[in-house]
Amino acid sequence: MKKTIIFIFVLALIIGGFTALSHYSNKVYYNEEDVTGNLAGNLYNGGLYCEVDGTIYFSNPADDGALYSMAPDCTDVKKLSTDKVASINADEHYIYYSRRNYAKESSTISIFNFENTGIYRYTKKNGKLKQLFGGANGVSCLYGNTIYYQHYDEQTAIQLYGVGIDREHEGKISTDGGIPASVYGGILYYAADDKDHYLHALNLNTKEDQVIFYDNCFMPVAMPGGIYYIASSDNYAIYRIGYDGGDPVKLVDEFCFTFNITEDEKFLFYQIDGGDDNRLVCLDLTTGISRTIMDGNFKQINITSQFVFFTDFSDLYTYAYQRDTGIVNRFEPPVLKMK
(Lines give C-alpha, C1' and ligand atoms only; values in the text may rest on other atoms or scores of the structure.)
Protein backbone atom coordinates (compact mmCIF):
# COMPACT_ATOMS: atom_id res chain seq x y z
CA MET A 1 0.00 0.00 0.00
CA LYS A 2 2.78 2.37 0.95
CA LYS A 3 4.64 1.63 -2.32
CA THR A 4 1.48 2.36 -4.28
CA ILE A 5 1.08 5.73 -2.60
CA ILE A 6 4.73 6.60 -3.25
CA PHE A 7 4.37 5.55 -6.91
CA ILE A 8 1.24 7.71 -7.35
CA PHE A 9 2.98 10.65 -5.65
CA VAL A 10 6.07 10.36 -7.86
CA LEU A 11 3.89 9.97 -10.98
CA ALA A 12 1.94 13.08 -10.01
CA LEU A 13 5.18 15.02 -9.62
CA ILE A 14 6.39 13.86 -13.04
CA ILE A 15 3.10 14.75 -14.74
CA GLY A 16 3.03 18.09 -12.95
CA GLY A 17 6.60 18.78 -14.00
CA PHE A 18 5.87 18.00 -17.64
CA THR A 19 2.72 20.15 -17.50
CA ALA A 20 4.63 23.07 -16.02
CA LEU A 21 7.44 22.66 -18.54
CA SER A 22 4.96 22.55 -21.43
CA HIS A 23 3.18 25.65 -20.13
CA TYR A 24 6.46 27.53 -19.72
CA SER A 25 7.79 26.54 -23.14
CA ASN A 26 4.54 27.62 -24.83
CA LYS A 27 4.20 30.87 -22.90
CA VAL A 28 3.99 33.97 -25.08
CA TYR A 29 5.54 37.21 -23.88
CA TYR A 30 3.41 40.17 -24.90
CA ASN A 31 4.42 43.77 -25.62
CA GLU A 32 3.15 47.16 -24.67
CA GLU A 33 0.62 48.44 -27.20
CA ASP A 34 2.95 50.98 -28.83
CA VAL A 35 6.02 48.76 -29.37
CA THR A 36 7.37 48.88 -32.93
CA GLY A 37 9.56 46.16 -34.41
CA ASN A 38 11.84 48.14 -36.73
CA LEU A 39 12.33 51.54 -38.33
CA ALA A 40 9.86 52.21 -41.12
CA GLY A 41 12.69 53.24 -43.44
CA ASN A 42 14.46 49.94 -42.82
CA LEU A 43 11.33 47.97 -43.67
CA TYR A 44 10.86 49.87 -46.94
CA ASN A 45 14.45 48.92 -47.76
CA GLY A 46 13.97 45.22 -47.21
CA GLY A 47 14.08 45.11 -43.40
CA LEU A 48 17.53 43.51 -43.58
CA TYR A 49 18.84 45.06 -40.34
CA CYS A 50 17.05 45.61 -37.04
CA GLU A 51 18.59 46.89 -33.82
CA VAL A 52 16.86 46.22 -30.49
CA ASP A 53 18.27 46.42 -26.96
CA GLY A 54 21.88 46.71 -28.08
CA THR A 55 21.84 43.89 -30.63
CA ILE A 56 21.60 44.04 -34.43
CA TYR A 57 19.70 41.23 -36.12
CA PHE A 58 20.51 41.05 -39.81
CA SER A 59 20.30 39.15 -43.06
CA ASN A 60 23.91 38.18 -43.73
CA PRO A 61 24.76 39.11 -47.35
CA ALA A 62 27.81 36.80 -47.23
CA ASP A 63 25.70 33.77 -46.23
CA ASP A 64 22.79 33.97 -48.69
CA GLY A 65 20.73 36.15 -46.36
CA ALA A 66 20.76 33.82 -43.33
CA LEU A 67 19.70 35.29 -39.97
CA TYR A 68 22.61 36.52 -37.84
CA SER A 69 23.14 38.81 -34.87
CA MET A 70 25.97 41.15 -33.88
CA ALA A 71 26.87 43.98 -31.53
CA PRO A 72 26.17 47.60 -32.59
CA ASP A 73 29.85 47.97 -33.62
CA CYS A 74 29.60 44.90 -35.91
CA THR A 75 31.54 42.59 -33.57
CA ASP A 76 30.41 39.41 -31.77
CA VAL A 77 28.77 37.95 -34.88
CA LYS A 78 26.55 34.88 -34.36
CA LYS A 79 24.48 32.71 -36.70
CA LEU A 80 20.90 32.19 -35.55
CA SER A 81 19.18 30.45 -38.46
CA THR A 82 19.85 29.12 -41.94
CA ASP A 83 16.64 30.74 -43.20
CA LYS A 84 17.03 33.48 -45.79
CA VAL A 85 15.24 36.39 -44.11
CA ALA A 86 13.73 39.80 -44.81
CA SER A 87 11.32 42.18 -43.03
CA ILE A 88 13.14 41.60 -39.73
CA ASN A 89 11.31 42.89 -36.66
CA ALA A 90 12.22 42.34 -33.03
CA ASP A 91 11.08 43.02 -29.48
CA GLU A 92 12.46 42.09 -26.07
CA HIS A 93 11.85 38.35 -26.40
CA TYR A 94 11.43 37.51 -30.08
CA ILE A 95 12.71 38.08 -33.60
CA TYR A 96 10.10 38.07 -36.36
CA TYR A 97 10.97 37.64 -40.00
CA SER A 98 9.69 36.71 -43.41
CA ARG A 99 11.20 33.51 -44.77
CA ARG A 100 12.57 33.86 -48.30
CA ASN A 101 13.92 30.37 -48.89
CA TYR A 102 12.58 30.24 -52.45
CA ALA A 103 15.68 32.25 -53.42
CA LYS A 104 17.92 29.46 -52.13
CA GLU A 105 16.67 27.09 -54.79
CA SER A 106 16.33 27.14 -58.57
CA SER A 107 15.62 30.55 -60.03
CA THR A 108 12.72 28.93 -61.90
CA ILE A 109 10.85 28.42 -58.63
CA SER A 110 8.11 31.01 -58.13
CA ILE A 111 8.47 33.70 -55.49
CA PHE A 112 5.05 32.57 -54.28
CA ASN A 113 6.06 28.98 -53.55
CA PHE A 114 4.19 28.49 -50.29
CA GLU A 115 6.57 25.87 -48.87
CA ASN A 116 9.46 28.30 -48.88
CA THR A 117 7.75 31.40 -47.54
CA GLY A 118 6.02 32.45 -44.36
CA ILE A 119 6.26 34.69 -41.30
CA TYR A 120 8.09 33.22 -38.30
CA ARG A 121 8.70 34.02 -34.65
CA TYR A 122 12.15 33.15 -33.30
CA THR A 123 12.60 32.99 -29.52
CA LYS A 124 15.84 34.70 -28.55
CA LYS A 125 16.37 32.64 -25.41
CA ASN A 126 16.25 29.14 -26.90
CA GLY A 127 16.06 29.51 -30.67
CA LYS A 128 12.59 27.98 -30.83
CA LEU A 129 10.83 28.74 -34.10
CA LYS A 130 7.08 29.14 -34.58
CA GLN A 131 5.24 29.79 -37.81
CA LEU A 132 2.76 32.68 -37.54
CA PHE A 133 1.65 32.56 -41.16
CA GLY A 134 2.45 30.02 -43.83
CA GLY A 135 2.30 31.48 -47.29
CA ALA A 136 3.47 34.18 -49.66
CA ASN A 137 3.90 37.61 -48.12
CA GLY A 138 5.58 40.94 -48.72
CA VAL A 139 6.62 43.60 -46.20
CA SER A 140 5.66 42.92 -42.58
CA CYS A 141 5.70 45.19 -39.53
CA LEU A 142 5.38 44.51 -35.80
CA TYR A 143 3.23 46.96 -33.85
CA GLY A 144 2.17 46.07 -30.32
CA ASN A 145 1.29 42.39 -30.43
CA THR A 146 0.33 42.15 -34.08
CA ILE A 147 2.30 41.54 -37.26
CA TYR A 148 0.79 43.53 -40.13
CA TYR A 149 1.80 42.14 -43.49
CA GLN A 150 1.17 42.06 -47.22
CA HIS A 151 -0.74 38.85 -47.85
CA TYR A 152 -0.76 37.26 -51.30
CA ASP A 153 -2.90 34.66 -52.98
CA GLU A 154 -3.78 34.07 -56.61
CA GLN A 155 -7.44 35.09 -56.22
CA THR A 156 -7.08 38.40 -54.40
CA ALA A 157 -3.44 39.33 -55.17
CA ILE A 158 -1.91 41.54 -52.43
CA GLN A 159 -3.98 42.71 -49.44
CA LEU A 160 -3.25 43.90 -45.91
CA TYR A 161 -3.56 41.23 -43.22
CA GLY A 162 -2.67 40.95 -39.55
CA VAL A 163 -1.77 38.10 -37.21
CA GLY A 164 -1.04 38.12 -33.48
CA ILE A 165 2.40 37.23 -32.20
CA ASP A 166 0.61 34.30 -30.50
CA ARG A 167 -0.74 33.26 -33.94
CA GLU A 168 -4.27 34.27 -32.93
CA HIS A 169 -6.68 36.64 -34.70
CA GLU A 170 -5.30 36.23 -38.19
CA GLY A 171 -7.36 38.02 -40.79
CA LYS A 172 -7.78 40.69 -43.42
CA ILE A 173 -7.39 44.32 -42.38
CA SER A 174 -7.83 46.00 -45.75
CA THR A 175 -8.28 44.99 -49.38
CA ASP A 176 -5.57 47.50 -50.34
CA GLY A 177 -2.07 46.17 -50.89
CA GLY A 178 -0.18 49.23 -49.64
CA ILE A 179 3.07 48.64 -47.77
CA PRO A 180 2.55 48.34 -43.96
CA ALA A 181 5.87 49.82 -42.85
CA SER A 182 5.09 53.03 -40.96
CA VAL A 183 2.93 53.01 -37.81
CA TYR A 184 2.84 56.02 -35.50
CA GLY A 185 0.47 56.49 -32.58
CA GLY A 186 -1.67 53.52 -33.56
CA ILE A 187 -2.13 54.80 -37.13
CA LEU A 188 -0.73 53.04 -40.19
CA TYR A 189 0.35 55.59 -42.79
CA TYR A 190 0.60 54.12 -46.26
CA ALA A 191 0.47 54.99 -49.94
CA ALA A 192 -2.52 53.18 -51.40
CA ASP A 193 -1.85 50.59 -54.03
CA ASP A 194 -5.41 49.90 -55.17
CA LYS A 195 -7.30 52.81 -56.74
CA ASP A 196 -4.92 55.67 -56.01
CA HIS A 197 -1.50 56.40 -54.55
CA TYR A 198 -2.73 58.98 -52.07
CA LEU A 199 -1.47 59.11 -48.50
CA HIS A 200 -3.84 57.16 -46.24
CA ALA A 201 -4.16 56.96 -42.46
CA LEU A 202 -5.59 53.66 -41.18
CA ASN A 203 -6.58 53.48 -37.51
CA LEU A 204 -5.48 49.99 -36.46
CA ASN A 205 -8.01 49.88 -33.60
CA THR A 206 -11.15 51.11 -35.33
CA LYS A 207 -10.07 50.18 -38.91
CA GLU A 208 -11.20 53.64 -40.04
CA ASP A 209 -9.29 54.59 -43.19
CA GLN A 210 -9.06 58.13 -44.52
CA VAL A 211 -7.04 60.02 -47.12
CA ILE A 212 -5.00 62.81 -45.55
CA PHE A 213 -3.12 63.96 -48.65
CA TYR A 214 -4.30 63.82 -52.25
CA ASP A 215 -1.03 63.38 -54.10
CA ASN A 216 0.94 60.45 -55.48
CA CYS A 217 3.11 59.43 -52.54
CA PHE A 218 5.76 56.77 -52.16
CA MET A 219 7.35 55.38 -48.97
CA PRO A 220 5.61 57.55 -46.34
CA VAL A 221 7.54 57.54 -43.03
CA ALA A 222 5.69 58.97 -40.03
CA MET A 223 7.94 60.70 -37.49
CA PRO A 224 7.30 63.16 -34.63
CA GLY A 225 8.20 66.06 -36.94
CA GLY A 226 5.84 65.02 -39.72
CA ILE A 227 5.47 62.54 -42.55
CA TYR A 228 8.34 62.13 -45.01
CA TYR A 229 7.66 60.76 -48.47
CA ILE A 230 8.80 60.64 -52.08
CA ALA A 231 6.52 62.65 -54.39
CA SER A 232 6.25 60.72 -57.64
CA SER A 233 4.20 63.62 -59.03
CA ASP A 234 7.17 65.98 -58.55
CA ASN A 235 10.03 64.08 -60.18
CA TYR A 236 10.44 61.87 -57.08
CA ALA A 237 11.56 64.68 -54.81
CA ILE A 238 11.46 64.12 -51.03
CA TYR A 239 8.92 66.10 -48.99
CA ARG A 240 7.74 66.42 -45.41
CA ILE A 241 4.15 67.33 -44.53
CA GLY A 242 2.09 67.74 -41.38
CA TYR A 243 -0.33 65.13 -40.09
CA ASP A 244 -3.25 67.14 -41.39
CA GLY A 245 -1.80 66.94 -44.89
CA GLY A 246 -0.73 70.58 -44.83
CA ASP A 247 2.50 72.58 -44.81
CA PRO A 248 4.45 70.56 -47.40
CA VAL A 249 8.20 71.24 -47.39
CA LYS A 250 10.48 70.07 -50.18
CA LEU A 251 13.66 68.65 -48.63
CA VAL A 252 15.39 67.14 -51.67
CA ASP A 253 14.79 68.55 -55.15
CA GLU A 254 16.29 65.65 -57.12
CA PHE A 255 15.11 62.30 -58.47
CA CYS A 256 15.27 59.90 -55.49
CA PHE A 257 15.00 56.15 -55.76
CA THR A 258 14.81 55.37 -52.03
CA PHE A 259 15.52 56.98 -48.65
CA ASN A 260 15.75 56.38 -44.92
CA ILE A 261 15.83 58.62 -41.86
CA THR A 262 17.54 58.25 -38.49
CA GLU A 263 15.40 57.60 -35.44
CA ASP A 264 16.27 61.00 -33.94
CA GLU A 265 15.10 62.65 -37.19
CA LYS A 266 18.41 64.45 -37.68
CA PHE A 267 19.76 62.81 -40.84
CA LEU A 268 18.14 61.82 -44.10
CA PHE A 269 19.92 59.29 -46.32
CA TYR A 270 18.78 58.96 -49.92
CA GLN A 271 19.78 57.57 -53.30
CA ILE A 272 19.77 60.00 -56.23
CA ASP A 273 18.96 58.19 -59.45
CA GLY A 274 17.93 58.72 -63.05
CA GLY A 275 20.90 60.71 -64.30
CA ASP A 276 24.64 60.84 -64.81
CA ASP A 277 25.41 61.81 -61.22
CA ASN A 278 23.86 58.95 -59.25
CA ARG A 279 24.99 58.82 -55.64
CA LEU A 280 24.09 58.12 -52.02
CA VAL A 281 23.68 61.34 -50.02
CA CYS A 282 23.26 62.35 -46.37
CA LEU A 283 21.22 65.47 -45.57
CA ASP A 284 21.59 67.10 -42.15
CA LEU A 285 18.00 68.13 -41.41
CA THR A 286 19.18 70.57 -38.74
CA THR A 287 21.59 72.57 -40.89
CA GLY A 288 20.24 71.75 -44.35
CA ILE A 289 23.74 70.73 -45.49
CA SER A 290 24.05 67.63 -47.67
CA ARG A 291 27.11 65.61 -48.59
CA THR A 292 27.76 62.63 -50.82
CA ILE A 293 28.49 59.36 -49.06
CA MET A 294 29.39 57.38 -52.17
CA ASP A 295 29.03 57.77 -55.93
CA GLY A 296 27.12 55.06 -57.78
CA ASN A 297 23.86 53.15 -57.75
CA PHE A 298 22.75 51.78 -54.40
CA LYS A 299 19.69 50.33 -52.69
CA GLN A 300 18.52 48.75 -49.41
CA ILE A 301 19.52 51.63 -47.12
CA ASN A 302 19.23 50.29 -43.55
CA ILE A 303 20.05 52.34 -40.45
CA THR A 304 21.30 51.26 -37.01
CA SER A 305 22.62 53.31 -34.10
CA GLN A 306 26.20 53.43 -35.43
CA PHE A 307 26.00 52.48 -39.11
CA VAL A 308 24.15 52.89 -42.38
CA PHE A 309 24.22 49.73 -44.49
CA PHE A 310 23.56 49.78 -48.24
CA THR A 311 24.04 47.52 -51.26
CA ASP A 312 25.03 48.17 -54.85
CA PHE A 313 22.42 47.50 -57.53
CA SER A 314 24.28 44.43 -58.79
CA ASP A 315 24.16 42.81 -55.32
CA LEU A 316 27.92 42.36 -55.46
CA TYR A 317 28.88 44.35 -52.38
CA THR A 318 27.32 45.62 -49.18
CA TYR A 319 28.78 48.72 -47.53
CA ALA A 320 28.78 50.05 -43.99
CA TYR A 321 28.94 53.81 -43.43
CA GLN A 322 30.11 54.65 -39.91
CA ARG A 323 27.98 57.58 -38.86
CA ASP A 324 30.40 59.07 -36.31
CA THR A 325 33.51 59.02 -38.49
CA GLY A 326 32.01 59.25 -41.98
CA ILE A 327 34.12 56.27 -43.09
CA VAL A 328 32.70 53.80 -45.64
CA ASN A 329 33.96 50.22 -45.73
CA ARG A 330 32.80 47.03 -47.36
CA PHE A 331 30.63 45.06 -44.96
CA GLU A 332 31.98 41.50 -45.03
CA PRO A 333 30.64 39.56 -42.04
CA PRO A 334 31.93 36.04 -41.47
CA VAL A 335 30.08 32.95 -42.63
CA LEU A 336 29.48 30.73 -39.61
CA LYS A 337 28.10 27.27 -38.97
CA MET A 338 25.11 26.64 -36.75
CA LYS A 339 26.07 25.57 -33.24
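Taking only region 88-110 into account, find how many residues are in a helix (DSSP H, G or I) and either modelled with pLDDT of 95 or more or among the hydrophobic types (A, V, I, L, M, F, W, C) (or both). Don't jump to the end; show me each part of the working.
To start, the set of residues in region 88-110 that are in a helix (DSSP H, G or I) comprises 101-104.
Those left that are additionally either modelled with pLDDT of 95 or more or among the hydrophobic types (A, V, I, L, M, F, W, C) (or both): 103.
Count: 1.
When you go through (1) at pLDDT 95 or above; (2) in contact with a Phe, Trp or Tyr (Cβ under 9 Å, 6 or more places away or on another chain) one by one for Gly274, which number turns out not to apply?
It fails just one condition, (1).
Out of the residues in region 204-235 that are more than 26 Å from Leu142 (Cβ to Cβ) and either of a type in the set (Val, Ile, Thr) or outside any loop (DSSP other than H, G, I, E, B) (or both), which is most open to solvent (accessible area, probe 1.4 Å)? Show your work before the answer.
So in region 204-235, the residues more than 26 Å from Leu142 (Cβ to Cβ) come out as 214-216, 231-235.
Within this subset, residues satisfying the condition of being either of a type in the set (Val, Ile, Thr) or outside any loop (DSSP other than H, G, I, E, B) (or both) are 231-234.
Working: Ala231: 2, Ser232: 41, Ser233: 69, Asp234: 45 Å².
Result: Ser233.
Quick one: which of Ile158, Ile179 is open to solvent by 40 Å² or more (accessible area, probe 1.4 Å), in contact (Cβ under 8 Å) with a residue 24 or more places away in the chain, within 24 Å of Thr117 (Cβ to Cβ) and not in a strand (DSSP E or B)? It would help to see each step written out before you state the result.
On the way: Ile158 fails: not in a strand (DSSP E or B).
The match here is Ile179.
Select from region 266-277 the residues that are of a type in the set (Phe, Trp, Tyr) and either touching a helix residue (DSSP H, G or I) at 6+ places or on another chain (Cβ under 9 Å) or part of a loop (DSSP other than H, G, I, E, B) (or both) and list them in ascending order. Break it down stepwise before answering.
Of region 266-277, the ones of a type in the set (Phe, Trp, Tyr) are 267, 269-270.
Phe269 - this is the single residue of region 266-277 that is of a type in the set (Phe, Trp, Tyr) and either touching a helix residue (DSSP H, G or I) at 6+ places or on another chain (Cβ under 9 Å) or part of a loop (DSSP other than H, G, I, E, B) (or both).
Residues to consider are Phe310, Phe331; find the one that is buried (at least 16 other Cβ atoms within 10 Å of the Cβ) and either within 23 Å of Val221 (Cα to Cα) or of a type in the set (D, E, K, R) (or both). Talk me through it step by step, then tell me what you get.
On the way: Phe331 fails: either within 23 Å of Val221 (Cα to Cα) or of a type in the set (D, E, K, R) (or both).
On inspection, the qualifying residue turns out to be Phe310.
Considering only residues that are in a strand (DSSP E or B) and of a type outside the set (D, E, K, R), which ones fall in region 146-155?
Within region 146-155, the subset in a strand (DSSP E or B) is 146-153.
Answer for region 146-155, where residues must be in a strand (DSSP E or B) and of a type outside the set (D, E, K, R): Thr146, Ile147, Tyr148, Tyr149, Gln150, His151, Tyr152.
Of all residues being surrounded by 15 or more Cβ atoms within 10 Å (Cβ to Cβ) and among the β-branched types (Val, Ile, Thr) in region 281-307, which is farthest from Leu251 (Cα to Cα)? Just the residue, please.
Thr304
Can you tell me how many residues within region 111-145 are open to solvent by 40 Å² or more (accessible area, probe 1.4 Å) and in a strand (DSSP E or B)?
3
Return yes when Ile238 is over 25 Å from Thr175 (Cβ atoms), part of a strand (DSSP E or B) and either without any contact (Cβ under 8 Å) to a residue 60 or more places away in the chain or among the acidic types (Asp, Glu) (or both) and no when it is not. Walk me through how you get there before you give the answer.
On the way: over 25 Å from Thr175 (Cβ atoms): yes; part of a strand (DSSP E or B): yes; either without any contact (Cβ under 8 Å) to a residue 60 or more places away in the chain or among the acidic types (Asp, Glu) (or both): yes.
Criteria met by Ile238.
Pull out all pairs, ordered by first then second residue, where Cβ-Cβ is under 7 Å, the residues are six or more apart or on different chains, the first lies in region 249-265 and is assigned to a loop (DSSP other than H, G, I, E, B), and the second is small (Gly, Ala, Ser) and open to solvent by 10 Å² or more (accessible area, probe 1.4 Å).
So the pair list comes out as Phe255/Gly274; Phe255/Gly275; Glu265/Gly225.
Would region 137-159 turn up any residue that is in contact with an Asp or Glu (Cβ under 7 Å, 6 or more places away or on another chain) and acidic (Asp, Glu)?
Scanning region 137-159, I find no residue that is in contact with an Asp or Glu (Cβ under 7 Å, 6 or more places away or on another chain) and acidic (Asp, Glu), so the answer is no.
Looking only at region 23-37, how many residues end up being in contact (Cβ under 8 Å) with a residue 12 or more places away in the chain and either buried (at least 24 other Cβ atoms within 10 Å of the Cβ) or farther than 15 Å from Val183 by Cα (or both)?
Pass one, region 23-37, residues in contact (Cβ under 8 Å) with a residue 12 or more places away in the chain: 25, 28-37.
Narrowing further to those that are either buried (at least 24 other Cβ atoms within 10 Å of the Cβ) or farther than 15 Å from Val183 by Cα (or both): 25, 28-31, 37.
Going through region 23-37 one residue at a time, the tally reaches 6.
Going residue by residue through region 247-254, is there one that turns out to be surrounded by 14 or more Cβ atoms within 10 Å (Cβ to Cβ), acidic (Asp, Glu), touching a Pro at 6+ places or on another chain (Cβ under 9 Å) and at pLDDT 95 or above?
Step one: of region 247-254, the residues surrounded by 14 or more Cβ atoms within 10 Å (Cβ to Cβ) are 248, 251-252, 254.
Okay, now just the ones that are also acidic (Asp, Glu), so 254.
Remaining after also requiring touching a Pro at 6+ places or on another chain (Cβ under 9 Å): none.
No.
The values are calculated or read from the model by the stated rules, or taken from the named source; none is laboratory data. Since we're looking at a predicted model, the values are computed, not measured. Virtual Cβ from ideal backbone geometry, glycine too; neighbours counted across all protein chains shown. Ligands, DNA and RNA are excluded from the accessible area calculation, which covers all protein heavy atoms including side chains. Shrake-Rupley method; radii C 1.70, N 1.55, O 1.52, S 1.80 Å.
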